[in-house]
Amino acid sequence: ALPSQSAPSASLPGLDAATLSSLKTLTQYYAVTAFIALMIGVLLGPLQALNYGGINVYDYPLLKVLLGSYYQGLTLHGVLNALVFTQFFISGWMLYLPVRDLNIRPNMRFAWFTYLTMTAGLLTAAVPLLTNNATVLYTFYPPLEGSPAFYIGAAIMVAASLLVAGQVVWLWLAWKRAHPGRVTPVVTYMSVATWLMWVVAALGLVVEVVVMLIPWSLGLTRGVDPLLARTLFWWTGHPIVYFWLLPAYISWYAFLPRQAGGRMASEGLTRLAFAMFLVFSVPVGLHHQYADPNVQNSWKLIHMFLTFLVAVPSLLTAFSAAASLEDAARARGGRGVIGWVRRLPWGNASMTAQVLAMVSFIFGGAGGIVNASMAFSPVVHNTAWIPGHFHITVGTATTLTFMGVMFWLVPHLTGKRLAAPRLALASVWWWFTGMMLFALGMHWQGLAGVPRRVQVSASAGQAVYDAMHLGVPKAITAASGVVLFVAAVLFYAVLWRTLLSRRVDDPESTPIPTSEAMSPAGETLAGASPLVRRTEPLLALTFVALVLVILVYGPVIAPMLANYQFIPGQRLW
Ligand code: HAS
Ligand code: HEM
Ligand code: CU
């Protein structure tokens, strides 16, 4: 039987076997494309870690042939890992889940068209990236100017993600019409809230790329305003981190409890967390621009307080996640205030990956609060501290969760058994250990003043770097690169062996691990709590989000438009 929450109704066609099979194939395509991108991106990471260990490998003949410079490698690393891997995985994941949850038939032609569009965007952007014609890093700040194909490819990719958003929202609205008065099932609720947040978030990037960067890179305008471009970039650039995080939260809330042997804490609280992310994720981007001139301090301060506010739903999540893990461990006979932790099913690689991802995020989140504080920001901004921060957020909380999800999702989609579960478990511990070491080394170096995005191990920078006497954190960082390389080899050995094995055991043997809730939301809105009723109208909450964004960005952007500067492009590589 399908693990669905709702029976198909007369007006809504349910998911038939042929559609389900096509949907599973599509989800597999999204996920495998994502993990191929990550594989290439992650091969470059250890080289950068060696750089921050004071070891320069970029002069080796083979690397000189492959990479035009440290920065071409860094651009590929940032784009493939943070932009391509995440977006492909999330697009597949957050289409598959609500469709299964609602048990409703999507238009598969449209869904495949979207995947192909996204892939076309990726290939378009890949050409200038690989030929060293868009070495502009994953933030592509102007006046650095890449080849137009890079911006056009990126725009197509983002447009494709918005098509997935549109399809999911469309399916949800169709379900609402067919089931008046019903509470949206919680997995669908989380997915729709995340997609709607992403729609509001993407507006900044779409305007930046379509209105400013594409015409400029094509030579149609005589320059571009870097400050306005950065502001539009961070309009999207902060909430994009929640677009990476919330799909992992979906797993932590809805699936991990079951995998651990327990229950989700509260559907109402879960909905509150996602409603808060929908409203408060976007109006905070200036916390990336505290050092930018020509932005009033009062607006930076307002964005700072809103940033602290958007940390609240993560704190709610920490509470819920801990509660459901404790519930699971006590159900398995766990005792004591802390002792119960030992009773979690640590032999299960999927569960272990996700719990370790959470542990890393305690430190990643705490570091984020430091970054957001205007008083601390000047100490950490543009230092190695920042890559330290985001490798235990996107690089672990998100990535290690998705790796763990793959351990059940691939068997679920293909009917093939997970190859080498013990290797899978080992890969997860290696990744966690590597990233914690990496974060330690990089945060430490950052506090000592080592800048990010610098080939410190080479040429001019090297003498200064060597004179800083950072032997211990440098050694830790270099070692972390080696540990992470091993982790990646183990993980991909398991993934490819599973995917390429010919033996199909039983297509139904791995169901979606949907958890029950200790405190469910109820079926009908009339019978539901005020919290559930007030969080149900997601479109109205999206409207509130939009109004808030206009309120806190309007007065920041208006003077930039009034003083638009035409700055010519530069090619520094
Ligand atoms: Fe960040 C820079 C502030 C979260 C990613 N961030 C970055 C960059 C990236 C990034 C990629 O304010 C670099 C951009 C660039 O290239 O310039 N960040 C924050 C804040 C949060 C935050 C306040 N960041 C994230 C997430 C990311 C991410 C999530 C990706 C997925 N970040 C900043 C700021 C900067 C920044 C500044 C700019 C810095 C600069 O100067 O340039 C918050 O959302 C964090 C809230 C999170 C928590 C933690 C909750 C903990 C949980 C786990 C519980 C664990 C349990 C385990 C229960 C408060 C949910 C129990 C286990 C058992 C065994 C029992
Ligand atoms: C940057 C290492 C995996 C996303 C960096 C930097 C290092 C590094 C040392 C800083 C370079 C600099 O500032 O000059 C590694 C290692 C990895 C790894 C050793 C594991 C094998 C990941 C993953 C993600 C990721 C999984 C995301 C999913 C990024 C991003 C940047 C970055 C977005 C910033 C690029 C920029 O500043 O333009 N990485 N990384 N990395 N990494 Fe990783
Ligand atoms: Cu941010």
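State in Å² the accessible area per residue of the chain; use a 1.4 Å probe, count heavy atoms of protein chains only, and round to the nearest integer.
39 Å²
As I understand it, the value is the acute angle between the Cα axis of helix 17-51 and the longest principal axis of the Cα atoms of the chain; what does it come to in degrees, rounded to 10?
Roughly 30 degrees, rounded to the nearest 10.
Kindly state, to the nearest 0.05, the FRET efficiency for Leu66 paired with Asn563, given R0 = 41 Å and r defined as their beta-carbon distance.
0.45
Taking 8 Å as the Cα distance limit and 6 or more residues as the minimum spacing, I'd like the relative contact order of the stretch 340-423 as a percentage.
Reported as a whole number, the value is 41 percent.
Please list, by residue number, every one of the trypsin sites (Lys or Arg not before Pro) in the stretch 501-552 that is coil in DSSP and has at most 11 other beta-carbon atoms within 10 Å.
For trypsin sites (Lys or Arg not before Pro) across the stretch 501-552 that sit outside H, G, I, E and B with at most 11 neighbouring Cβ atoms in 10 Å, the list reads Arg502, Arg503.
Which lysines have a Cα lying under 30 Å from the Cα of Lys24, excluding residues fewer than 8 positions away in the same chain?
Within the straight-line cut-off, Lys24 pairs with Lys176, Lys416.
Please give the contour-minus-distance gain from Ser11 to Ser509: 0.36 nm per residue of separation, less the Cα-Cα distance, rounded to one decimal in nm.
Extra length available between Ser11 and Ser509 comes to 176.2 nm.
Using a 1.4 Å probe on the protein chains only, how many percent of the accessible area of the chain belongs to carbon and sulfur?
With neighbouring chains kept in place, the figure for the chain is 69 percent.
For the chain, with the dipole built from +1 on Lys and Arg beta-carbon atoms and -1 on Asp and Glu ones, taken about the Cα centre, which of Gln72, Ala154, Ala540 lies farthest toward the positive end?
Ala540
What residues from the stretch 390-418 fall in the zone where the backbone N is under 19 Å from a label point 7 Å along the Cα-to-C-beta line of Ser501?
Label zone hits: 403-418.
What's the local net charge at Leu227, with K and R +1, D and E -1, over the other residues with C-beta under 13 Å away?
Every neighbour counted, the sum reads -2.
The values are calculated or read from the model by the stated rules, or taken from the named source; none is laboratory data. Just so you know, these numbers come straight off a predicted model, no measurement behind them. Note: ideal-geometry Cβ built from the backbone for every residue, glycine included; neighbour counts use all protein chains shown. Ligands, DNA and RNA are excluded from the accessible area calculation, which covers all protein heavy atoms including side chains. Shrake-Rupley method; radii C 1.70, N 1.55, O 1.52, S 1.80 Å.
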